[in-house]
Amino acid sequence: MGARVVVFGATGYTGARTAEAMVRRGLRPVLAGRDPRKLTALAQRLGGLETEIAHVTDETSVARLVGRGEVLVSTVGPFTELGTPAVAAAVDAGAVYLDSTGEPPFIRAVHERWGPVAERSGAALLTAFGNDYVPGVLAGALALRAAGGGADRVDVGYFLTGLGRGQPFSRGTLRSLAGIATQPLYAWRDGALRTEAAGARMRTFDVAGRPRPGVTIGASEQFALPRLAPGLRTVDVYLGWFGRASGAVHAGARVAPLLSRLPGRVVATAADLLTRPVPAAPSGSALAGARSHFVAEVFDRTGTLLARTRLTAPEPYAITADLLAWGAWRAAEHGVAGTGAVDAVTAFGLDELVAGAAEAGIVEEPR
(Lines give C-alpha, C1' and ligand atoms only; values in the text may rest on other atoms or scores of the structure.)
Protein backbone atom coordinates (compact mmCIF):
# COMPACT_ATOMS: atom_id res chain seq x y z
CA MET A 1 0.00 0.00 0.00
CA GLY A 2 1.40 3.36 -1.06
CA ALA A 3 1.63 6.67 0.75
CA ARG A 4 -1.44 8.78 1.45
CA VAL A 5 -2.35 11.22 -1.36
CA VAL A 6 -4.23 14.50 -0.81
CA VAL A 7 -5.75 16.72 -3.51
CA PHE A 8 -6.06 20.31 -2.27
CA GLY A 9 -8.55 22.36 -4.27
CA ALA A 10 -10.40 19.21 -5.28
CA THR A 11 -13.72 20.89 -6.08
CA GLY A 12 -12.24 23.31 -8.63
CA TYR A 13 -12.20 22.47 -12.33
CA THR A 14 -8.61 21.18 -12.45
CA GLY A 15 -8.81 19.62 -9.00
CA ALA A 16 -11.92 17.60 -9.81
CA ARG A 17 -10.46 16.36 -13.10
CA THR A 18 -7.27 15.38 -11.27
CA ALA A 19 -9.20 13.50 -8.59
CA GLU A 20 -11.16 11.67 -11.29
CA ALA A 21 -7.92 10.70 -13.06
CA MET A 22 -6.49 9.41 -9.78
CA VAL A 23 -9.51 7.22 -9.14
CA ARG A 24 -9.25 5.80 -12.67
CA ARG A 25 -5.67 4.89 -11.79
CA GLY A 26 -6.80 3.05 -8.66
CA LEU A 27 -5.87 5.71 -6.09
CA ARG A 28 -8.24 6.79 -3.33
CA PRO A 29 -7.07 10.34 -2.65
CA VAL A 30 -8.24 12.48 0.23
CA LEU A 31 -10.23 15.39 -1.20
CA ALA A 32 -9.49 18.73 0.47
CA GLY A 33 -11.04 22.16 0.03
CA ARG A 34 -13.06 24.88 1.69
CA ASP A 35 -16.63 23.90 0.73
CA PRO A 36 -17.99 20.87 2.68
CA ARG A 37 -21.05 20.52 0.47
CA LYS A 38 -19.08 20.36 -2.76
CA LEU A 39 -16.49 18.06 -1.23
CA THR A 40 -19.12 15.61 -0.04
CA ALA A 41 -20.82 15.54 -3.45
CA LEU A 42 -17.55 14.91 -5.28
CA ALA A 43 -16.41 12.30 -2.76
CA GLN A 44 -19.65 10.37 -3.15
CA ARG A 45 -19.51 10.57 -6.94
CA LEU A 46 -15.98 9.14 -6.89
CA GLY A 47 -16.80 6.18 -4.68
CA GLY A 48 -16.94 7.45 -1.10
CA LEU A 49 -13.56 9.14 -0.70
CA GLU A 50 -12.30 10.75 2.50
CA THR A 51 -12.54 14.55 2.75
CA GLU A 52 -10.77 17.29 4.72
CA ILE A 53 -11.73 20.96 5.16
CA ALA A 54 -8.87 23.39 4.50
CA HIS A 55 -8.65 27.00 3.34
CA VAL A 56 -5.63 29.01 2.22
CA THR A 57 -6.52 31.78 4.68
CA ASP A 58 -6.19 29.26 7.53
CA GLU A 59 -2.64 27.99 7.22
CA THR A 60 -3.08 25.64 10.18
CA SER A 61 -5.85 23.82 8.35
CA VAL A 62 -3.60 23.40 5.30
CA ALA A 63 -0.69 22.21 7.43
CA ARG A 64 -2.89 19.43 8.86
CA LEU A 65 -3.46 17.96 5.40
CA VAL A 66 -0.13 16.21 4.95
CA GLY A 67 2.49 14.31 6.92
CA ARG A 68 6.02 13.07 6.32
CA GLY A 69 6.38 10.94 3.21
CA GLU A 70 2.82 11.66 2.06
CA VAL A 71 1.88 13.29 -1.24
CA LEU A 72 0.15 16.67 -1.50
CA VAL A 73 -1.23 17.78 -4.88
CA SER A 74 -2.31 21.41 -5.02
CA THR A 75 -4.58 22.87 -7.70
CA VAL A 76 -5.42 26.04 -5.74
CA GLY A 77 -4.68 29.13 -7.83
CA PRO A 78 -3.80 31.74 -8.81
CA PHE A 79 -0.69 30.36 -7.18
CA THR A 80 1.13 33.66 -6.76
CA GLU A 81 -1.78 34.73 -4.54
CA LEU A 82 -2.92 31.46 -2.96
CA GLY A 83 -0.23 28.83 -3.44
CA THR A 84 2.19 29.45 -0.58
CA PRO A 85 0.36 27.66 2.29
CA ALA A 86 0.39 24.32 0.46
CA VAL A 87 4.10 24.54 -0.37
CA ALA A 88 4.89 25.54 3.21
CA ALA A 89 2.84 22.61 4.56
CA ALA A 90 4.69 20.11 2.37
CA VAL A 91 8.09 21.56 3.25
CA ASP A 92 7.38 21.54 6.99
CA ALA A 93 6.11 17.95 6.84
CA GLY A 94 8.87 16.55 4.62
CA ALA A 95 6.27 15.51 2.06
CA VAL A 96 6.18 15.17 -1.73
CA TYR A 97 4.46 18.14 -3.35
CA LEU A 98 3.05 18.54 -6.86
CA ASP A 99 0.99 21.39 -8.29
CA SER A 100 -0.77 22.52 -11.46
CA THR A 101 0.64 26.03 -11.71
CA GLY A 102 1.82 27.62 -14.92
CA GLU A 103 2.77 30.92 -13.26
CA PRO A 104 6.47 31.77 -13.69
CA PRO A 105 6.86 33.90 -10.54
CA PHE A 106 5.52 31.05 -8.42
CA ILE A 107 7.73 28.48 -10.18
CA ARG A 108 10.76 30.67 -9.49
CA ALA A 109 9.77 31.08 -5.84
CA VAL A 110 9.47 27.31 -5.40
CA HIS A 111 12.95 26.77 -6.84
CA GLU A 112 14.75 29.69 -5.22
CA ARG A 113 12.91 30.30 -1.96
CA TRP A 114 11.41 26.96 -0.99
CA GLY A 115 13.82 24.53 -2.64
CA PRO A 116 16.72 25.05 -0.20
CA VAL A 117 14.35 24.78 2.79
CA ALA A 118 12.86 21.58 1.37
CA GLU A 119 16.32 20.04 1.01
CA ARG A 120 16.82 20.47 4.74
CA SER A 121 13.40 19.05 5.67
CA GLY A 122 13.52 16.15 3.21
CA ALA A 123 10.59 17.39 1.11
CA ALA A 124 10.48 17.04 -2.69
CA LEU A 125 8.79 19.87 -4.62
CA LEU A 126 7.58 19.25 -8.17
CA THR A 127 5.97 22.49 -9.23
CA ALA A 128 4.23 23.01 -12.60
CA PHE A 129 3.56 19.28 -12.99
CA GLY A 130 1.03 19.48 -15.81
CA ASN A 131 0.71 20.78 -19.34
CA ASP A 132 2.74 23.62 -17.85
CA TYR A 133 5.56 22.51 -18.07
CA VAL A 134 6.27 18.78 -18.01
CA PRO A 135 5.89 18.14 -21.79
CA GLY A 136 8.47 20.80 -22.66
CA VAL A 137 10.92 19.48 -20.08
CA LEU A 138 10.40 15.99 -21.50
CA ALA A 139 10.82 17.15 -25.12
CA GLY A 140 13.93 19.10 -24.18
CA ALA A 141 15.47 16.15 -22.33
CA LEU A 142 14.80 13.81 -25.26
CA ALA A 143 16.28 16.29 -27.74
CA LEU A 144 19.36 16.73 -25.55
CA ARG A 145 19.80 12.97 -25.40
CA ALA A 146 19.49 12.75 -29.18
CA ALA A 147 21.98 15.60 -29.67
CA GLY A 148 24.65 13.65 -27.84
CA GLY A 149 26.92 16.57 -26.96
CA GLY A 150 27.84 20.10 -27.86
CA ALA A 151 24.48 21.56 -26.89
CA ASP A 152 24.58 25.31 -26.35
CA ARG A 153 20.94 26.37 -26.73
CA VAL A 154 17.52 24.76 -26.39
CA ASP A 155 14.31 26.33 -27.71
CA VAL A 156 10.99 24.83 -26.58
CA GLY A 157 7.59 25.74 -28.05
CA TYR A 158 4.04 25.07 -26.80
CA PHE A 159 1.15 25.14 -29.31
CA LEU A 160 -2.52 24.23 -29.66
CA THR A 161 -4.35 23.25 -32.86
CA GLY A 162 -7.86 22.11 -33.67
CA LEU A 163 -9.69 24.38 -31.23
CA GLY A 164 -13.43 24.52 -31.78
CA ARG A 165 -15.87 27.29 -31.01
CA GLY A 166 -16.17 28.53 -27.47
CA GLN A 167 -13.76 29.49 -24.69
CA PRO A 168 -10.80 27.07 -24.63
CA PHE A 169 -9.38 28.29 -21.32
CA SER A 170 -10.77 28.24 -17.79
CA ARG A 171 -11.26 31.42 -15.79
CA GLY A 172 -8.34 30.39 -13.59
CA THR A 173 -6.00 30.01 -16.57
CA LEU A 174 -6.92 33.42 -17.98
CA ARG A 175 -6.62 35.06 -14.58
CA SER A 176 -3.14 33.61 -14.18
CA LEU A 177 -2.11 34.86 -17.64
CA ALA A 178 -3.50 38.32 -16.90
CA GLY A 179 -1.72 38.43 -13.58
CA ILE A 180 1.73 37.46 -14.87
CA ALA A 181 1.61 39.80 -17.89
CA THR A 182 2.70 42.70 -15.67
CA GLN A 183 5.33 40.82 -13.66
CA PRO A 184 9.04 40.41 -14.35
CA LEU A 185 9.74 36.87 -15.53
CA TYR A 186 13.00 35.15 -16.44
CA ALA A 187 15.10 33.36 -19.04
CA TRP A 188 18.28 31.27 -19.03
CA ARG A 189 20.81 33.42 -20.89
CA ASP A 190 24.62 33.24 -20.93
CA GLY A 191 24.54 30.33 -18.51
CA ALA A 192 22.51 32.00 -15.76
CA LEU A 193 18.95 32.90 -14.85
CA ARG A 194 18.16 36.44 -16.02
CA THR A 195 15.10 38.55 -15.26
CA GLU A 196 13.16 39.76 -18.29
CA ALA A 197 9.60 40.55 -19.36
CA ALA A 198 7.19 38.03 -20.85
CA GLY A 199 7.22 38.12 -24.64
CA ALA A 200 10.71 39.64 -24.88
CA ARG A 201 11.50 37.45 -27.92
CA MET A 202 9.39 35.91 -30.66
CA ARG A 203 10.10 33.20 -33.24
CA THR A 204 8.20 30.69 -35.35
CA PHE A 205 8.18 26.90 -35.18
CA ASP A 206 7.04 24.42 -37.80
CA VAL A 207 3.95 22.89 -36.18
CA ALA A 208 1.34 20.70 -37.90
CA GLY A 209 2.64 21.62 -41.32
CA ARG A 210 2.92 25.39 -41.08
CA PRO A 211 4.94 28.08 -39.29
CA ARG A 212 3.39 29.27 -36.02
CA PRO A 213 4.65 32.13 -33.84
CA GLY A 214 5.42 31.95 -30.15
CA VAL A 215 6.60 34.47 -27.55
CA THR A 216 8.97 33.81 -24.65
CA ILE A 217 7.81 33.02 -21.15
CA GLY A 218 9.40 31.88 -17.91
CA ALA A 219 8.79 28.17 -17.33
CA SER A 220 10.23 25.04 -15.72
CA GLU A 221 12.65 24.36 -18.56
CA GLN A 222 14.95 27.20 -17.51
CA PHE A 223 15.53 25.35 -14.23
CA ALA A 224 15.37 21.74 -15.42
CA LEU A 225 17.35 21.63 -18.67
CA PRO A 226 20.56 23.32 -17.40
CA ARG A 227 20.52 20.77 -14.58
CA LEU A 228 20.34 17.97 -17.13
CA ALA A 229 22.94 19.55 -19.45
CA PRO A 230 25.22 21.84 -17.40
CA GLY A 231 26.90 23.30 -20.50
CA LEU A 232 23.72 24.97 -21.78
CA ARG A 233 24.07 28.72 -22.18
CA THR A 234 20.55 29.51 -23.42
CA VAL A 235 17.10 28.04 -22.73
CA ASP A 236 14.09 29.79 -24.24
CA VAL A 237 10.48 28.68 -23.87
CA TYR A 238 7.91 30.02 -26.34
CA LEU A 239 4.16 30.06 -25.79
CA GLY A 240 2.28 29.78 -29.08
CA TRP A 241 -1.29 30.15 -27.85
CA PHE A 242 -1.80 33.70 -29.14
CA GLY A 243 -1.68 33.15 -32.91
CA ARG A 244 -1.70 36.43 -34.82
CA ALA A 245 -1.78 38.33 -31.52
CA SER A 246 1.76 37.11 -30.74
CA GLY A 247 3.18 40.29 -32.27
CA ALA A 248 1.11 42.44 -29.94
CA VAL A 249 2.23 40.36 -26.93
CA HIS A 250 5.84 40.77 -28.05
CA ALA A 251 5.40 44.54 -28.40
CA GLY A 252 3.78 44.67 -24.96
CA ALA A 253 7.03 43.46 -23.39
CA ARG A 254 8.31 47.03 -23.74
CA VAL A 255 5.73 48.41 -21.31
CA ALA A 256 5.77 45.49 -18.87
CA PRO A 257 8.51 47.05 -16.69
CA LEU A 258 6.25 50.07 -16.14
CA LEU A 259 3.22 47.93 -15.29
CA SER A 260 5.30 45.85 -12.87
CA ARG A 261 5.52 48.89 -10.60
CA LEU A 262 1.80 48.67 -9.86
CA PRO A 263 0.93 47.30 -6.40
CA GLY A 264 0.19 43.59 -6.41
CA ARG A 265 -3.33 44.11 -5.06
CA VAL A 266 -4.11 46.44 -7.99
CA VAL A 267 -2.92 43.86 -10.50
CA ALA A 268 -4.89 41.08 -8.77
CA THR A 269 -8.06 43.18 -8.69
CA ALA A 270 -7.72 44.12 -12.36
CA ALA A 271 -7.12 40.48 -13.35
CA ASP A 272 -10.18 39.43 -11.36
CA LEU A 273 -12.39 42.07 -13.00
CA LEU A 274 -11.18 41.18 -16.50
CA THR A 275 -11.80 37.46 -16.09
CA ARG A 276 -14.93 37.47 -13.93
CA PRO A 277 -17.32 37.16 -16.93
CA VAL A 278 -15.44 34.05 -18.16
CA PRO A 279 -16.98 30.67 -17.21
CA ALA A 280 -15.10 28.74 -14.55
CA ALA A 281 -14.66 25.75 -16.90
CA PRO A 282 -13.52 25.87 -20.53
CA SER A 283 -15.94 24.98 -23.29
CA GLY A 284 -16.10 21.29 -24.05
CA SER A 285 -16.78 22.02 -27.71
CA ALA A 286 -13.66 24.20 -27.91
CA LEU A 287 -11.47 21.40 -26.55
CA ALA A 288 -13.12 18.38 -28.17
CA GLY A 289 -10.83 18.26 -31.19
CA ALA A 290 -7.85 20.13 -29.77
CA ARG A 291 -4.32 18.82 -29.97
CA SER A 292 -1.31 19.99 -28.01
CA HIS A 293 2.09 20.22 -29.67
CA PHE A 294 5.50 20.52 -28.01
CA VAL A 295 8.69 21.14 -29.95
CA ALA A 296 12.24 21.17 -28.58
CA GLU A 297 15.24 22.12 -30.71
CA VAL A 298 18.89 21.85 -29.64
CA PHE A 299 21.60 23.99 -31.24
CA ASP A 300 25.38 24.15 -30.89
CA ARG A 301 27.43 27.34 -30.45
CA THR A 302 27.38 28.06 -34.19
CA GLY A 303 23.58 27.89 -34.32
CA THR A 304 23.57 24.52 -36.10
CA LEU A 305 20.55 22.36 -35.28
CA LEU A 306 21.70 19.21 -33.50
CA ALA A 307 18.37 17.57 -32.68
CA ARG A 308 14.64 18.19 -32.73
CA THR A 309 11.91 16.40 -30.76
CA ARG A 310 8.21 16.80 -31.42
CA LEU A 311 5.56 15.57 -29.00
CA THR A 312 1.80 15.62 -29.47
CA ALA A 313 -0.98 15.11 -26.93
CA PRO A 314 -4.64 15.81 -26.09
CA GLU A 315 -5.93 19.16 -24.82
CA PRO A 316 -4.08 20.85 -21.92
CA TYR A 317 -6.50 20.14 -19.07
CA ALA A 318 -6.59 16.41 -19.81
CA ILE A 319 -2.79 16.39 -19.86
CA THR A 320 -2.57 18.19 -16.51
CA ALA A 321 -5.03 15.90 -14.75
CA ASP A 322 -3.41 12.73 -16.06
CA LEU A 323 0.15 13.88 -15.34
CA LEU A 324 -0.72 14.89 -11.78
CA ALA A 325 -2.46 11.56 -11.24
CA TRP A 326 0.52 9.63 -12.61
CA GLY A 327 3.04 11.69 -10.64
CA ALA A 328 1.11 11.28 -7.40
CA TRP A 329 0.74 7.53 -7.97
CA ARG A 330 4.43 7.11 -8.82
CA ALA A 331 5.51 9.15 -5.81
CA ALA A 332 3.13 7.31 -3.47
CA GLU A 333 4.19 3.85 -4.64
CA HIS A 334 7.89 4.33 -5.37
CA GLY A 335 8.94 7.71 -3.99
CA VAL A 336 10.98 10.28 -5.89
CA ALA A 337 14.70 10.81 -6.40
CA GLY A 338 16.11 13.84 -4.64
CA THR A 339 14.86 16.49 -2.28
CA GLY A 340 14.29 20.21 -2.66
CA ALA A 341 12.82 21.63 -5.86
CA VAL A 342 13.25 18.89 -8.47
CA ASP A 343 12.12 18.52 -12.07
CA ALA A 344 10.17 15.62 -13.50
CA VAL A 345 13.17 13.98 -15.18
CA THR A 346 15.34 14.15 -12.07
CA ALA A 347 12.50 12.93 -9.84
CA PHE A 348 11.43 9.92 -11.89
CA GLY A 349 14.08 9.26 -14.55
CA LEU A 350 13.72 10.01 -18.26
CA ASP A 351 12.55 6.58 -19.38
CA GLU A 352 9.99 6.36 -16.57
CA LEU A 353 8.71 9.83 -17.47
CA VAL A 354 8.40 8.84 -21.13
CA ALA A 355 6.22 5.90 -20.08
CA GLY A 356 4.13 8.01 -17.69
CA ALA A 357 3.65 10.75 -20.26
CA ALA A 358 2.51 8.17 -22.80
CA GLU A 359 -0.22 7.10 -20.37
CA ALA A 360 -1.36 10.74 -20.43
CA GLY A 361 -1.40 10.65 -24.24
CA ILE A 362 1.88 12.55 -24.72
CA VAL A 363 3.77 10.72 -27.45
CA GLU A 364 6.61 11.49 -29.82
CA GLU A 365 5.67 12.25 -33.41
CA PRO A 366 7.28 10.01 -36.02
CA ARG A 367 10.49 11.48 -37.39
- Item | Accessible solvent surface per residue of region 1-147, calculated while the other protein chains remain in place, 1.4 angstrom probe, Å² | 38 Å²
- Rounded tilt (10° steps) of 134-147 against the dominant C-alpha axis of the chain: 40 degrees
- Query: When every alpha-carbon pair in region 314-367 is counted, what percent end up more than 15 Å apart?
  - Reply: 48 percent
- Query: Taking one equal scatterer on every alpha-carbon of region 48-89, how large is log10 of I(q)/I(0) by Debye at q = 0.22 1/Å?
  - Reply: -0.73
- Query: Rg to Rh for region 98-145: what is it, with Cα atoms only and Rh by Kirkwood?
  - Reply: 1.03
- Query: How large, in percent, is the carbon and sulfur part of the accessible surface of the chain at a probe radius of 1.4 Å?
  - Reply: 52 percent
- Item | 0 to 90° range, to nearest 10: angle between helix 36-45 axis and the chain longest Cα axis | 80 degrees
- Taking Rh as the Kirkwood radius computed over C-alpha pairs, what is the Stokes-Einstein D of the chain at 20 °C in a medium of viscosity 1.002 mPa s, expressed in µm² per second? 105 µm²/s
- Specify the angular offset, from 0 to 90 degrees and rounded to the nearest 10, of the alpha carbon long axis of helix 13-24 from the longest principal axis of the alpha carbons in the chain. 70 degrees
- Message: Let's test this: bin the Cα-Cα distances of region 122-173 at 10 Å from zero up to the farthest pair and state each bin's percent.
- Response: 17, 35, 31, 14, 3
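Grab the other residues whose beta carbon is less than 11 angstrom from that of residue 195, score K and R as +1, D and E as -1, and report the net.
Within the 11 Å Cβ shell, the charges total +2.
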- On the first, second and third principal axes, largest extent first, how far apart are the outermost C-alpha atoms of region 39-119 in Å? 39, 25, 21
- Taking Lys and Arg as +1 and Asp and Glu as -1, residues besides residue 91 with C-beta under 14 Å from its C-beta add up to -3
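The values are calculated or read from the model by the stated rules, or taken from the named source; none is laboratory data. What you are looking at is a predicted structure, and each value in this text was computed from that prediction instead of being measured. Cβ: placed from backbone, ideal geometry, glycine included. Neighbour counts: every protein chain shown. In case anyone asks, the SASA skips ligands and DNA or RNA and just uses the protein heavy atoms, side chains included. Shrake-Rupley method; radii C 1.70, N 1.55, O 1.52, S 1.80 Å.
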